[in-house]
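Novice: Handing you this structure, nothing more for now.
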């Protein structure tokens, strides 16, 4: 995961605070809302982590071909990740 737990909790707190201040939500149980937002952020980050792992595995199988064709791993990683995200309707 690219964010530390403390950073995720901070972001969840800020999202909850802004939504409440702007009266998009009414907080009856702030802790439950914070936990839900925190969980949603973690799930979203996990989707990207899983996608990154899938791309790494795909590219492992083509490492020799990429080396022979002088294709940069980083560029190919970004391209494959973008393509898979688009196919799956993911917003990164």
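Bear in mind these aren't lab numbers, they're just calculated from the coordinates by the rules spelled out. Computed from a predicted model, the values in this text were never measured in an experiment. Cβ: placed from backbone, ideal geometry, glycine included. Neighbour counts: every protein chain shown.
Novice: Within segment 61-76, is there a residue that is assigned to a helix (DSSP H, G or I) and within 24 Å of residue 11 (Cβ to Cβ)?
Specialist: No.
Novice: Please pick out the residue among 86, 57, 81 that is surrounded by fewer than 10 Cβ atoms within 10 Å (Cβ to Cβ) and assigned to a helix (DSSP H, G or I).
Specialist: After ruling out the rest, the residue left standing is 57.
Novice: For segment 7-27, give me the residue count where each residue is surrounded by 10 or more Cβ atoms within 10 Å (Cβ to Cβ) and out of contact with any helix residue (DSSP H, G or I) (no Cβ under 7 Å at 6 or more places or on another chain).
Specialist: So the count comes out to 7.
Novice: Please work out which one of (1) loosely packed, with under 13 Cβ neighbours inside 10 Å; (2) over 19 Å from the mean Cα position of the chain (by Cα) is the condition residue 4 fails and give its number.
Specialist: That leaves (2) as the condition not met.
Novice: Can you find a residue in segment 28-41 that is outside any helix (DSSP H, G or I) and either out of contact with any strand residue (DSSP E or B) (no Cβ under 7 Å at 6 or more places or on another chain) or surrounded by 14 or more Cβ atoms within 10 Å (Cβ to Cβ) (or both)?
Specialist: yes
Novice: How do the pairs read when you match residues in segment 1-30 that are within 21 Å of residue 47 (Cβ to Cβ) with residues anywhere that are not in a helix (DSSP H, G or I), using Cβ under 9 Å and keeping only pairs 6 or more apart or on different chains?
Specialist: 8/1; 11/3
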